Amino acid sequence: MCRNCNYTEMLQTAGLSPTAKRLKVFECVGNSDNPLRAQEIHDALRQTGEINRVTVYRILDLLVERGLIEKMSSGDRSFHFGLAPNENHRPHPHFHCRRCGSLECLQPESLPVDLQALQKSHPGRIEAVEIRVNGICKRCLHRGTEPELHRP
Ligand SMILES: [Zn+2]
Ligand SMILES: [Zn+2]
Ligand SMILES: [Zn+2]
């Protein structure tokens, strides 16, 4: 949940009129603690009223294009959507669970990146840094050990 972001204003600043559907999609992504799959966003929004799957996907693409949200690859061809870094949210790394495919936001300070040093060693212009840490999430760890390793 975020009390600092004004989604209506952010849409307007990005040159988009804040229609009810755009707001619903944007709020759903922005209010989630972790990035969501398009399917999860559609499922959540359907609870509160009929919304077409194609509409949700189209709005997600539009918000990505305007830099309001980020589309993150999960390594397995599925994508997750999360709020793009803005004045209230610093860029941060993500944890990807290779068992259940979930993506978690990590604290920005958990894996600091020395952008200045990086820029010095790289002649091109760096615009964004995406860091993904792969492993097994807490929930999957508690659910039991690797089934594939324990099969007789
Ligand atoms: Zn916010
Ligand atoms: Zn997991
Ligand atoms: Zn995140």
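The values are calculated or read from the model by the stated rules, or taken from the named source; none is laboratory data. The structure presented is a predicted model; accordingly, all values stated were derived computationally and were not measured. Methodologically, a virtual Cβ is constructed for each residue, glycine included, from the backbone with ideal geometry; neighbour enumeration extends over all protein chains shown. Each accessible area value is taken on the protein alone, full model and side chains, heavy atoms only, with ligands, DNA and RNA left out. Shrake-Rupley method; radii C 1.70, N 1.55, O 1.52, S 1.80 Å.
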Practice task
Give the residue that is farthest from the chain's Cα centre (by Cα), with candidates limited to residues of segment 21-37 that are among the aliphatic types (A, V, I, L, M) and crowded, with 20+ Cβ neighbours inside 10 Å.
Solution key: V25
Problem - Where a residue in segment 75-86 is farther than 13 Å from S102 by Cβ and its partner, wherever it lies, is part of a loop (DSSP other than H, G, I, E, B) and open to solvent by 30 Å² or more (accessible area, probe 1.4 Å), with Cβ under 7 Å and at least six apart - result: A84/G67; P85/P91
Practice task
Return the residue satisfying two criteria in turn: it lies in segment 104-148 and is part of a loop (DSSP other than H, G, I, E, B) and touching a residue at least 24 places away in the same chain (Cβ under 8 Å), and of such residues it is most open to solvent (accessible area, probe 1.4 Å).
Solution key: E130
Problem - Test: residue in segment 70-88 that is more than 18 Å from the chain's Cα centre (by Cα), assigned to a loop (DSSP other than H, G, I, E, B) and among the charged types (D, E, K, R) - result: no
Fill in the blank from the handout: Restricting attention to segment 93-103, the residues that are of a type in the set (G, A, S) and either touching a residue at least 60 places away in the same chain (Cβ under 8 Å) or surrounded by 19 or more Cβ atoms within 10 Å (Cβ to Cβ) (or both) number exactly 1
Practice task
Output the residues belonging to segment 1-20 that are surrounded by fewer than 11 Cβ atoms within 10 Å (Cβ to Cβ) and without any contact (Cβ under 8 Å) to a residue 60 or more places away in the chain.
Solution key: M1, R3, E9, G15, S17, A20
Handout entry: Filter result for R90 (more than 16 Å from ligand 2 (Cβ to nearest atom), open to solvent by 60 Å² or more (accessible area, probe 1.4 Å) and touching a residue at least 40 places away in the same chain (Cβ under 8 Å))
Key = no
Handout entry: Selection count, segment 53-66, where residues are touching a residue at least 24 places away in the same chain (Cβ under 8 Å) and farther than 13 Å from V29 by Cα
Key = 3
